[in-house]
Amino acid sequence: SATHVAVPVSSPRAMAALHHLVLPHRLLSGHGPPPVLRFSRRPRPLLHLLPCAAAAATRASAAATAVTAPSDAALQDFRRWLSSQGAETGSVAPAVVPEGLGLVAARDLPRGEVVAEVPKKLWLDADAVAASDLGRVCGSGGDLRPWVSVSLLILREAARGGDSLWAPYLAILPRQTDSTIFWSEEELLEIQGTQLLSTTMGVKEYVQSEFDNVEAEIINANKDLFPGTITFDDFLWAFGVLRSRVFPELRGDKLALIPFADLINHNGDITSKESCWEIKGKGFLGRDTVFSLRTPTEVKSGEQIYVQYDLDKSNAELALDYGFTEANSSRDSYTLTLEISESDPFYEDKLDIAELNGMGETAYFDVVLGESLPPQMITYLRLLCLGGTDAFLLEALFRNKVWEHLELPVSRDNEESICQVIQNACKSALAAYHTTIEEDEELLEREDLQSRQQIAIEVRVGEKKVLEQINDIFKEREQELDDLEYYQERRLKDLGFIGDNGDIIFWES
């Protein structure tokens, strides 16, 4: 027979007596360098991976916009051009709308009705580049990214003026949108401290690098094709045209700008992810390729046809790509960038564990306002902060199980380190903004805001709210550290040394 003596789990004597039963020999003092944590936007695909459909307009609301609407004569020329080139657009017409340009129903339209078919000969894509006089310098070698080639085609055709096949279309394109890539230095100060600012500058640096290459190798080397001066601003404009107007699946080698169809505007009330377009064959044996556009919802005569650009984009992404934001908390997000430091003494072990579980040296977590933390974020943070007496979990014998252990609290020190690192990072990020949430909310109540001012305020107030949410989550978690169950306690329960009430059990004969 046997009896047992219960000792509180916090007893130093008890823990010392059982320490060797649950911890292997690899014990280290200290926790090494703090994890690398950057609050930066995750790297995003550029023009070779364009995300979604785009509009000629720059705002989804009726607020003031930087777009100058084309003249009635230019719109009439555009309509005649579409008809003469075989485009079928009888159910809808391009028109000036609050957003700039849009597509307006000429009659009542049911959901799913085909309202436009644009033949492939009007698309600006890689095939159009190859068929043009640019083909000999950038069409066959494959060295240029598709968006670069198509951007050069846009600039080349714009320089040809009335001699270009696309002259009526190019004439209605805006010279700027409210996308942050077109903002002045003074306007960019309004998004000081935001992730949007760093992303915008990164995109412009990328476009500048590509321009430097093509300016030297193609533009200056082929003055017969580019007799005039092509500046970086021209190249950035072509980039912006593509970034804001290309439909979702038309990316990479399939990159294509579809005149007329690209005038369709965004409406946040449309929540369906169902595609409203397709590429199909038409004519004899379906040999003629057309872009077919359908209505995603019922539309009354005289009303504008809208689509949903992308339900998953944040306000910062909408501002960067299109130049508008939505008053929708699900669009407010912040990206936490976590990285395993190369100076970490357990760098190789941690990297191996991360890769075994589908992650890497760097991980990006998008935190959305009002939603839970992303899955695996806490787990990855525990891995980054793992050290000291917890480092035994990095041993090879735990390799297949360590991620499962990290999904639950490891130790008080580890959990406390996570909370402090995140809170310090949040406070640092919030200090970089030049306004408070309260000040921004007061500004949003003004009726004289310009469109770019409103975009800036909505983006920065959204980011700050998410940062405060993250900070509050980890502040509350830090206050609950004493109530959490850690690895040692779980392990002792498995071994039968702790009862259900948390007392350590010593068995005696």
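Hey, with R₀ at 41 Å, roughly what FRET efficiency would residue 397 and residue 372 work out to, going by the Cβ-Cβ distance, to 0.05?
0.80
Applying the Karplus parametrisation 6.51 cos²θ - 1.76 cosθ + 1.60 with θ = phi - 60° to the phi angles of segment 398-404, what ³J(HN,Hα) value in whole Hz is obtained for each residue in order, glycine and proline being reported as x?
Here the 3J(HN,Hα) series is 9, 3, 7, 10, 4, 5, 5 Hz.
Within segment 394-448, list the trypsin sites (Lys or Arg not before Pro) lying in a DSSP loop whose Cβ has at most 14 other Cβ atoms in a 10 Å radius. Spell out each step's value before the answer.
Numbers: sites: 399, 401, 412, 427, 446; in loops: 399, 401, 446.
When the trypsin sites (Lys or Arg not before Pro) of segment 394-448 are filtered for loop state and at most 14 Cβ neighbours within 10 Å, 399, 401, 446 remain.
Report the full-extension gain for the segment residue 483 to residue 254: residue separation times 0.36 nm, less the Cα-Cα distance, to one decimal in nm.
On the way: separation 229, 0.36 × 229 = 82.44 nm, distance 5.51 nm.
Taking 0.36 nm per residue and subtracting the Cα distance, the gain is 76.9 nm.
HN-Hα J couplings of segment 356-373 from phi, Karplus 6.51/-1.76/1.60, θ = phi - 60°, integer Hz, Gly and Pro as x?
The phi angles translate into 5, 10, x, 10, x, 4, 10, 10, 10, 10, 8, 9, 9, 4, x, 10, 5, 4 Hz.
Treating the beta-carbon of each Lys and Arg as +1 and of each Asp and Glu as -1, no other charges, what is the dipole magnitude of segment 329-491 about its Cα centre, to the nearest 20 debye? Can you show the working numbers first?
Numbers: 16 positive and 37 negative charges, 64 e Å.
I would put it at about 300 debye.
Which aspartates and glutamates have a Cα lying under 14 Å from the Cα of residue 493, excluding residues fewer than 8 positions away in the same chain?
Excluding near neighbours in sequence, the set is 485, 503.
If you build the convex hull over the alpha carbons only and average its shadow over all orientations, what do you get for segment 72-312? Give it in nm² to one decimal.
Details: hull surface 58.6 nm².
For segment 72-312, the mean projected area of the Cα convex hull comes to 14.6 nm².
What is the distance in Å between the Cα centroid of segment 112-191 and that of segment 225-261?
3 Å
Could you pull out every one of the aspartates and glutamates with an alpha carbon less than 12 Å from that of residue 350, ignoring same-chain neighbours closer than 8 positions?
Hits, sequence-local ones excluded: 339, 342, 361, 395.
Do any of 254/300; 121/204; 121/280; 254/282 go past 23 Å between their Cα atoms, and which?
Numbers: 254/300 33 Å; 121/204 31 Å; 121/280 14 Å; 254/282 19 Å.
Pairs exceeding the cut-off: 254/300; 121/204.
Modelling each spin label as a point 7 Å along the Cα-to-Cβ direction, I'd like the residue 408/residue 79 distance in nm, to one decimal.
Between residue 408 and residue 79, the label points sit 7.0 nm apart.
Determine which lysines satisfy two conditions relative to residue 464: a Cα distance under 17 Å, and not lying fewer than 8 residues away in the same chain.
The reachable lysines, counting only those whose Cα sits under 17 Å from residue 464, are 427, 475.
If R₀ is 51 angstrom, what is the calculated FRET efficiency for the pair residue 289 and residue 490, using the beta carbon separation as r and rounding to 0.05?
On the way: r = 61 Å, r/R0 = 1.20.
That pair, residue 289 with residue 490, gives E of 0.25.
Please go through segment 158-220 and write out the trypsin sites (Lys or Arg not before Pro) that DSSP classes as loop and that have at most 13 other C-beta atoms within 10 Å.
Values: sites: 160, 175, 204; in loops: 175.
Here the sparse-neighbourhood loop sites are 175.
Using 7 Å Cα-to-Cβ label points, what is the residue 447/residue 121 separation (nm, one decimal)?
5.3 nm
With a cap of 15 neighbouring Cβ atoms within 10 Å, and only residues DSSP puts in a loop, list the GluC sites (Glu not before Pro) found in segment 169-273. Mind showing how you got there, number by number?
Numbers: sites: 185, 186, 187, 190, 205, 210, 215, 217, 249; in loops: 249.
Here the sparse-neighbourhood loop sites are 249.
Between residue 229 and residue 145, how high is the FRET efficiency from 1/(1 + (r/R0)^6) when r is the Cβ-Cβ distance and R₀ = 25 Å? Nearest 0.05. Write out the running numbers ahead of the final one.
Values: r = 23 Å, r/R0 = 0.92.
For R0 = 25 Å, the calculated efficiency reads 0.60.
Rule-based calculations on the coordinates, nothing more; no lab input. The structure presented is a predicted model; accordingly, all values stated were derived computationally and were not measured. Every residue, glycine among them, receives a Cβ derived from its backbone with ideal geometry; neighbour counts consider all protein chains shown.
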